[in-house]
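Enquirer: First the structure, which I've put down as C-alpha cells, then a few questions once you've had a look.
Throughout, read-outs are computed from the coordinates displayed, never taken from laboratory work. Keep in mind that this is a model prediction, so the values were computed, not measured. Cβ placement follows ideal geometry from the backbone for every residue including glycine, while neighbour counts extend to all protein chains displayed.
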Amino acid sequence: MGEFKVHRVRFFEYMPSPIRAMAFNSRTDRLAVARGDGAVEIFNFADNYFQEKVIPGQDSRAVEALCWVGQRLFSAGLNGEITEYDLENLRPKYTVMAYGGPAWTLSMSTECFLCQVGCEDGTVKMFEILEERIQFQRNHDRQKGRIISLSWHPSGTHIAAGMMGMIRIFETETGSPANKEVVVWSVAFLSDHTVISGDSAGKVQVWDGFTGTLIKTHLITKWDVLALSDQSSLVAGTSEGTVTQFQFLPLIVGQQDKEWVRTRTFKNHSHDVRALAHTETAVVSGGMDTQLVVQPLLDRVEKNTQESALRKIAFPHRSLVCCAKKSGLLLFQFPEHLELWRLGESDGHGKPGDSLPVRKKPEKLIHLKRKGEDHICCSALSPCGGWLAYTTVSSVRLYRLQYNNNSISIKKLPKLPKELCSAHQLCFSSDSSKLFASSKHSSVIVVALGQSECKYLHTLKPKSGYGTTEQPVHLLFVSEDSKWLAAANTGCEIHIYNLNKLKLHCTVPVYSSCPTAIAIHPVTSNLVTVHANQQIFEYSLAQKEYTEWSRKLQKQGLHNLWLERDTPITHISFNPNNQAHIILHDMFMLCIIDQSLPLPDRKTLLYNQMTLRSVPESERLRHSHAFKICKNFQHLLCVSTLEDQALVVVERPLLDIMSQLPAPVRQKKFAT
Amino acid sequence: MAKDQRGKTTTSPSKKTDTEKQTEDTTMVFESSDDEAPEEVTFDASRTEALRSMKQALDTARREKELLKEKRRKRQELFQEQKKIKLLSDDVLEEMDSASSKKQKQSEAEEQRQDEGENGKKKKKKSRKMEHSRNLKGNYRVATVKVVGALASSQQQAAEDFIQSRLYGAGSCRTTNNELLSLQNKTGRNKGAAVQFVKKDWACKQKAKAEKLKKRWIHKQHIPSC
C-alpha cells in the first residue's frame, strides 16, 4: 500500500444552478431538468438515475417550462422563444419566436399534436407540432393579465389558464377573481373536469371545472405554492421546501364519496421547490437548492429495498476539473468562464494523517471568460499545461499558454481546421502533440498541435450501420503511450481506436448500463470501465477480451454496499508507483482497488480501513481485501494523481454551496 | 352671499349703490360713515340681489364647462389628426401585409435567426439604414427590425423582475442561509456555533488602511537599523 501526499483543494467555487422546470417521459424513463442558467440535463431513471446528457445553457435562455412529445423535448422561456432540442447532438435544434413577450408556460397534448404557450401579453398561443418543426396556428382571446400556468384537460377540449388573481377555462368562460392580487403559479386540469390550482397565498384549491365554483381549499403553507404535478396523485411544491401529496380518497373507509385529501408531506429541500414530476413509483422534486430529489412513494415500492430509498442528486455526473499531471495545474470549468490554478507546495514530511504546512499558496493564473452567449460545454488542459481548449454548442476554441518565470501568457489560435467546428468532449494526448475531439455520429477528430498552430489529421469513425452510433460521446480517454483511444457514448457503446494505424481497433461488448468513467492503464493497456449500476470491468485491448481479474470480479460479484452507493464514479486514475492500483472516486468516497489483494465476498466488511489500523501491522495483510475506501474527503468533485506521487483531491462541501444560495423563507420556530 | 340682516351691510359693490337708501334703525354704526345711519336693505332688494348673484354663478359655471368641452374637443381632433399622420395609409399596410404575412415572418425568423426578425406591431416609420428595407409610396420606408433587441430583452428582464419581486420582494418573509444553517447547528445533537460566527466583511476599507499604515510603520522602523 503506497502513501500519498494529498493536495486538498477547496478553491473550486463551484455553484450549481437552481432547477426551474422538469418533465418526465414515462415511455423512455427519462427526466429532463431545466436549470436557471438555461442548461438542460437528461437523467436516465432506468439506469440508476445516471445524468446521461447535458445541453449547456445560454445567456438569454431562461427556461420556464419543459415538455416531452414522444421522444422530442421542447422548452419555452422568458426570452419569448420555444426551443426544440436535438438530443443526439446536444444542442438546440431550432427556436421559434412566440411573439407574445416572455413565455411563462408550455402545455402539450400528445393526442392532437398541439402545443399551447402562455405568454406575458395575456394570450394563449396554439402551435401545431409537425415532424420537423412547430407551426403557429392561432391565438386564443387575449386576457388582461399574464398567463402564468396552463393545463390541458386530458381529452384536449379545454384548457385551464392560471393568471394573476384568477383561473380561466377556455371553451367555457368562467373565472373567479380573488380579493388580493394572487398569482396562480400552477394549474392542473383533471379528466373529471376538476381544476386544481396552487397560488401565492399558499393554498391548493379544488374547483369544479364546469361551474367554476370552489369545492375545497387546503392551506398548506404560509408562502407560495409554486408547482403542481398530477398523475397518479397530486403533489404540490412550496417555497418552504416541502412537497405535499393529495390523494382522491373517500373520507370514511368504505364510503363512496371521494374527495381530495392531504396525505403526506415531505421536507426534502431547504429552499423553494420550483419543479415537480411523477414517475410510476416516485415523486421527483427540484428547486432553488439545486438538488434533484427522488422520493419513492411507499405505497408503490417494497419497503427496505434500494428502490425505496430517498435519492438526492447534487453534483453533475461528469468531471468539471481537469488536472495537468506533469505541471501541477488545475482547470476548473464554470458555465461562463474557465479558471486555471497552480497548486500550492509544501516541503514538510509527516506521518499519515498529518496536515503539512503550506510553503507556497495556490494561485489563480488565468480567468478566461467565454466569448458569445453560449455556455461552455466541455474543457481540457494538456498534461504539460501548454494548451487549453474549450467547446460550446457553436464553436471550439484553442489557446496556447506560455510560462516565463512567474508570468503566464495566453494566446488564442485564430484559425482552426474547419472540421473542428463543435465537439462534445475534448482530450489531449500525454505528450501534448495531439488534440482529440468527439463529433457527430460518435466520430473523433484528430488534430495535430504544432508550435502555435494546429492541423487536421484524421477523423476516426466507428463502424456505421450497427449499434446506436447516433448518440453523443460523453467519455474520451487516450492512453499514456498515445497508442489507444477509447470513446464511450450514451448508447452504452465503447469504441477503441488504434492511433498508430488511425483506425477502429475493436468495440467493447455492449453492457446494458451506461459507462460513467473509462481509463486505460499506462502499463498493462487494459481498459477499466465503471458503469452507472456500479459494475466494474477490465478489458484487455491487446487480446480483445475481458481480463482474468475482471472475470474473477464478475464471478464473485461486487459487495452489496458497493452496489448500493447512489452516486456514480466519475473519474479513474492510476498510481505511477504501483501498477496494481486503480483509484476511483464518487461524491462521498475515494477508493483504491488493489488488484493484487483478494476480492471481498458478501460477508466481509467493506469499509475496513479503520479496523485494519487497529490490527498490528503483521496481521494486516491477512485481513485486507482489494477495496480500500477512504471517506476523509467530502464532497468530492475530482480525484487525480500527479506524476510526483501526490494525489489531488478537489472538494466542494455542500455547506459551502448552500451558504451562497438565494434566501430561504424564514420559519419562526419556538425558542429560536 | 350676504344675508338680509338689518343694520349690517357688506362691502360688496352692489351694496354700495344701495347705501343711498336711508334706514331708520339705530343699530350699529358703520365704520365707513360716522354720521350716517346704517342703511337698511329691504327684503325684496336683497332677494333679487341673491337671485342675481346665483344666476351669475350658474352662468359662469356653465360657460366654463362649455369652454372646457371646446378645449377637449379641439385637443381630441388634434390627436386624431396626428394619429392619422403617424399611421401609414391603408394601402401601404396592405402592401406590407402581402409582402410578409405572419407565417412568413416565422419562417424568416427561423432561417435568419441570427440577423433579422420582424416586428409587425410597430407601425411607426423608421428611417434607419437597415437590410431588407424597401421604399414605399411617399416618405415611408419599411425595414425589418432585429428581434433580439432592446424590446425583447427588456421584456425578459421585466418578467424576471416580476418573479424576483413576488418570491423575494417585500413581504416575502425571507431569512439568510447563515441563519438557516446556524439553526441546525443550534438545535442539532452536537450543538455548535453559528456557521458564520464572525462577520468577516465588516469595515474592509478601514482594515486595508490599517494594513497599509502598519507596513509603512514597520518600514520606517527598519530604515535606521539597516
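Enquirer: What size of dipole, in debye to the nearest 20, comes out for the stretch A:19-313 about its Cα centre when the only charges are +1 on Lys and Arg C-beta atoms and -1 on Asp and Glu C-beta atoms?
Expert: 520 debye
Enquirer: Under a point-charge model restricted to the Cβ atoms of Lys and Arg (+1) and Asp and Glu (-1), what is the dipole moment magnitude of the protein assembly as shown relative to its Cα centre, in debye to the nearest 20?
Expert: The dipole magnitude comes to about 2860 debye.
Enquirer: Distance cut-off 19 Å, Cα to Cα: go down the list A:LYS5/A:LYS325; A:LYS326/A:LYS434; A:LYS216/A:LYS258; A:LYS53/A:LYS440; A:LYS326/A:LYS415; A:LYS53/A:LYS371 and report the pairs above it.
Expert: Table pairs above 19 Å Cα-Cα are A:LYS326/A:LYS415; A:LYS53/A:LYS371.
Enquirer: Compute the separation of the alpha-carbon centres of the stretch A:316-372 and the stretch A:52-88 and state it in Å as a whole number.
Expert: Cα centroid of the stretch A:316-372 versus Cα centroid of the stretch A:52-88: 33 Å apart.
Enquirer: Using alpha-carbon pairs under 8 Å, 6+ residues apart, how would you state the relative contact order of chain A in percent?
Expert: 8 percent
Enquirer: Lys/Arg Cβ at +1, Asp/Glu Cβ at -1, dipole of chain A taken about the Cα centre: which of A:GLN554, A:PRO616, A:PRO414 is farthest positive-ward?
Expert: Among A:GLN554, A:PRO616, A:PRO414, the one farthest towards the positive end of the dipole of chain A is A:PRO616.
Enquirer: Per the helix-only calculation at 222 nm, which mean residue ellipticity applies to the protein assembly as shown, given -39500 (n - 2.57) for every DSSP H run of n ≥ 4 and division by its residues, nearest 500 deg cm²/dmol?
Expert: -5500 deg cm²/dmol
Enquirer: Related question: What full-extension length gain, to one decimal in nm, is calculated for A:GLN255 and A:LYS455 as 0.36 nm per residue of separation minus the Cα-Cα distance?
Expert: Here the answer is 64.3 nm.
Enquirer: Considering the options B:THR48, A:VAL321, B:HIS219, tell which one lies farthest towards the positive end of the dipole of the protein assembly as shown, charges being +1 on Lys and Arg and -1 on Asp and Glu at the Cβ, about the Cα centre.
Expert: Towards the positive end, the residue furthest out is B:HIS219.
Enquirer: Still on this model: Rounded to whole Hz and in sequence order, give me ³J(HN,Hα) for the stretch A:100-105 from the Karplus expression 6.51 cos²θ - 1.76 cosθ + 1.60, θ = phi - 60°, writing x for Gly and Pro.
Expert: Here the 3J(HN,Hα) series is x, x, x, 9, 9, 8 Hz.
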